[in-house]
Structure formats: C-alpha cells, structure tokens
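Here is the structure we will look at.
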Amino acid sequence: MAEDALWPHVSLDDVARAQPDVRSIAGFLRWHPSCRLEQGSLSLLTRLPPSLQPLETLLRSSVRLQLNLESVTVSQVHHVLLHHGHRVQSLVLCLNEPPNVPLTALTLGRLATAIGHCVHATKLHVHVHHPQWRGRDIDPILHRLQDSNVVDFKLHATSYSGDLLSDSGSYALIAWLFQVPVTSFAWIDPEPYHSAVLSPAATRLAAALAASRTLRTIDLSQSKMLLEACVQRPLPRTLRTLRIEYPHAPTSYTTQLKAQLAAARITSLDLSWHPSTSVVTLLGPNLAQLTTLNLSHCYLMIHGSRAVGPLLPTLRALQHLILSANDLFDDGITAILPGLVGCSALESLRLDRNQLTDRSLAATVKTCRLCKRLRHIDLSDNLYTDETVLRLHKKPTVISRLCAIKCPDASAMIPTVAAG
C-alpha cells in the first residue's frame, strides 16, 4: 500500500495559508516527520512567516521534505538541493530549460550532482522535455541511483535524439536493481520506435527487471522496445501493478503478454491505448485476481464492447474499472452493461467521454443498482441533455444512497445517508 494511503503529508504551503494551531501541526510532524512543498513556495525553506516560526527548529532538524518542482531549470534545482538536499525524502521534478538553449551532457551532469545531495531520498521522478538534447546524456542520473536509497524511480523523457537507454545506462540500472530493494520502476518513452531488433541494453534491463524480488510496480508506458523485451521473460513474482500503454500493439506482443500475465500475480493492470483486439485477447479467467483495470482510450466503440462485455464476469475480484474515452455510444454501453452485473465486487466505474446520451441512461442506472458495492460512477463529458443533468443533480440517490455520481457541472454528487 502506498504511504500516502496510510496517512497524509503536511503541506507547508497549506499550513502557511491557513495558519492553523501550530501546536497541533508540531505534534503531527513529530509523529510523522514529513511535509510536502510545491515549487511556488520554496521561499518557505529559508524564511517562515511569523505564525509558523515556532516550527522552524523542528522543520530544520528532523522533518523530511517531499519536493514537487514543476517547470524548473537545472540551475534552480541545483540551488535548492545544494542547500536542502539532505532533508529531501521525495523529489519530483519536471525540467523546463529555455527551448533555444541546448540541454547538454554538462547540464544534465550538473543535475545528477544536485540529486546526489539527496542522500535520504527514497523517491525520484524526473520528466525531461526539451527539443535539443541527446537521450544518452541522462546516464549520469542513472549512475547516481546505485549509490542512493531510491526505491521508487520514474523517468519520463521526450523529444530527445539518439538512444535513451544506452549500454552504460542499462548497466547502471541493473546495478541499482540488485543493490537496492527497488519497489517501483517507471520508464516512459513515447518516442517513435522503428528498429526491428531489440537493443542489447533493453534485453539486459528486461532480464534484470524479471529477476527482481522486490518490485511491486512497473510502468513501461509507450516504451515500445522495453515492452517488447520484457514480454519475452516472466514478470517478477512480487509484481502487483503493471502499467503498459501501447498504441498499435502488434499481435505477437499481445500473445506473449497474455502468457506472462497468466503466470503473474498482477492485481492492477493498465492497458490504456491498447487496440480493442488486444484487450479482447488479454482478458479472461487468467486475470481473475485483478482488482483494478484501466481500459481507457482502447477504441472499444460498439464492436469491441460486444466482445469485452461477456469477459467482464470472469474478473471476479474487480473493484475499479476505467472505460474512459472509448467512444462507446449508447449501443456500446448497452453491450457492456450485462457484463457489469457479473462484477460483484465492483466499487467504482468510469464511463466519462463516451458519447453517451439520454437513450442509454435508464439502462445504465438500472444495471448500477444491481452492483451492490458500487460507490462511485463517473458520467462526465458525455452528451446528456441539460434536463437530464439537472435531474441527476436533484436526485443524487438515483442509483443508491451510497453511490456518488460525477456528471457535468458537479465534481461529485454524494448522497446523504440518513442516520439510523
């Protein structure tokens, strides 16, 4: 279970604005010494407002920082981490260097040096988007991992030239995977891939991922070469969450993936952007242990819905189903509804952005009433008339007193449960 699901982190930004009881905040920080800080409030690291001055000693001595730095330059990151890196437990950053200035190996090397100051960091997420940079220049950051405490790493790289995963980078990642009890690995690479031969670096890294005894989450979304290398080996036995967005996935890949999923113990699977034919091939009794399934942007439409609907009851443990942006139309959702009745554990259902109209709403509501554990349904961004939306607003208990409905002009219509 993710740490955030067990307890919240104090947000230093919110505390500065709300000015709550300082003693209560101090007590919470002593119990759970961790606080979040967004980019817009970095000044709080050096100067607290008068109302929070009593927290200064505690913040500087024992509280770990969860830094979320969006749209920053390497110079800004270097300055912050040089002075406060030893206090950072989690670092999420999105680089935004000027597009007319090349992002060089020297610049990324400086970023790697700055990250090296985060000696206590267990989470590192880096997003690099720049029109002028070489993929292999990310290597210094990868080499930093093997000497770190990072167990949750994510790299999202776009618009680079050359190879992103070099031989040197793959060896660094392998060393990290064997030296640190890594629990989460994400390598998101949406760049075009045309090579018919897998690179040795991708094959090497796939073997290391398969051999891991601690990995619980893997996200290889759109990383075509790494995806095709990984399906040739068994998935880690400890793996529980797998995210593998793959537009236009070839049949050979889907066949191999089906075999690996059958032998794995995945409970959360993200198949976003897979062709509907791939989805139909992959679903079935071999995924009966799934609790979360994301099929957004799979172009199910009407034909795919007719094939997927009968397969849903085989997912006996399914609690969360995402069918967003599939252009189901009324005929498509009508084909899927009978299958939902067989999902007895279903708690949340997303049907947003599916071109649904009033014609299918009554059948949708009737089916959802049969899903006794359903607690949330998202019907937003469809084609319901204003009158229908108004009726839903006036009667949020139309499904049940326990099921919240999300639809246009309402973040969530949560029914009130009468006492007793």
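The values are calculated or read from the model by the stated rules, or taken from the named source; none is laboratory data. Just so it is clear, the model here is predicted, and its values are computed rather than measured. Ideal geometry is used to build each Cβ from the backbone, glycine not excepted, and the neighbour counts take in all protein chains shown.
So which residues in region 269-290 are of a type in the set (Ser, Thr, Tyr) and surrounded by fewer than 18 Cβ atoms within 10 Å (Cβ to Cβ)?
Of everything in region 269-290, those that are of a type in the set (Ser, Thr, Tyr) and surrounded by fewer than 18 Cβ atoms within 10 Å (Cβ to Cβ) turn out to be Thr277, Thr281.
Can you name the residue in region 88-111 that is within 16 Å of Ala157 (Cα to Cα) and of a type in the set (Ser, Thr, Tyr) and is also surrounded by the most Cβ atoms within 10 Å (Cβ to Cβ) among such residues?
Thr107
Please find, among Ala419, Ala410, the residue that is modelled with pLDDT under 95, loosely packed, with under 13 Cβ neighbours inside 10 Å and of a type outside the set (Asp, Glu).
Among Ala419, Ala410, only Ala419 is modelled with pLDDT under 95, loosely packed, with under 13 Cβ neighbours inside 10 Å and of a type outside the set (Asp, Glu).
Any idea which of (1) surrounded by 17 or more Cβ atoms within 10 Å (Cβ to Cβ); (2) assigned to a loop (DSSP other than H, G, I, E, B); (3) modelled with pLDDT of 65 or more; (4) not aromatic (Phe, Trp, Tyr) is the one Leu48 doesn't satisfy?
Leu48 satisfies all of (1) surrounded by 17 or more Cβ atoms within 10 Å (Cβ to Cβ); (2) assigned to a loop (DSSP other than H, G, I, E, B); (3) modelled with pLDDT of 65 or more; (4) not aromatic (Phe, Trp, Tyr) except (3).
Considering only region 243-255, how many residues are within 21 Å of Phe185 (Cα to Cα), out of contact with any helix residue (DSSP H, G or I) (no Cβ under 8 Å at 6 or more places or on another chain) and of a type outside the set (Asp, Glu)?
Residues that pass the stated criteria total 2.
Take Val231 and tell me if it is more than 22 Å from Thr183 (Cβ to Cβ), buried (at least 18 other Cβ atoms within 10 Å of the Cβ) and free of Cβ contacts under 8 Å to residues at least 40 places away in the same chain.
Judged against the criteria, Val231 is not a match.
Residues being surrounded by 17 or more Cβ atoms within 10 Å (Cβ to Cβ) and either over 17 Å from Pro408 (Cα atoms) or of a type in the set (Ser, Thr, Tyr) (or both): count how many of those fall in region 348-371.
Residues in region 348-371 being surrounded by 17 or more Cβ atoms within 10 Å (Cβ to Cβ) and either over 17 Å from Pro408 (Cα atoms) or of a type in the set (Ser, Thr, Tyr) (or both): 6 in total.
Of the residues that make up region 176-184, is at least one of a type in the set (Phe, Trp, Tyr), modelled with pLDDT under 95 and over 22 Å from the mean Cα position of the chain (by Cα)?
Within region 176-184 (the criterion being of a type in the set (Phe, Trp, Tyr), modelled with pLDDT under 95 and over 22 Å from the mean Cα position of the chain (by Cα)), the answer is no, since none of the residues qualifies.
Can you tell me which residue among Asp152, Asp147, Asp189, Asp163 is acidic (Asp, Glu) and at pLDDT 95 or above?
Asp152
Among the residues that make up region 298-307, is at least one of them within 27 Å of Val182 (Cα to Cα) and over 21 Å from the mean Cα position of the chain (by Cα)?
Among the residues of region 298-307, not one is within 27 Å of Val182 (Cα to Cα) and over 21 Å from the mean Cα position of the chain (by Cα), which makes the answer no.
Within the bounds of region 197-205, is there any residue that is free of Cβ contacts under 8 Å to residues at least 12 places away in the same chain, surrounded by fewer than 16 Cβ atoms within 10 Å (Cβ to Cβ) and of a type in the set (Val, Ile, Thr)?
yes
Being at pLDDT below 95 and either more than 22 Å from the chain's Cα centre (by Cα) or not acidic (Asp, Glu) (or both) is true for just one of Arg265, Arg240. Which residue is that?
Being at pLDDT below 95 and either more than 22 Å from the chain's Cα centre (by Cα) or not acidic (Asp, Glu) (or both) holds for just one of Arg265, Arg240, which is Arg265.
Regarding Lys258, is this residue more than 26 Å from Asp330 (Cα to Cα), crowded, with 19+ Cβ neighbours inside 10 Å and basic (Lys, Arg)?
No.
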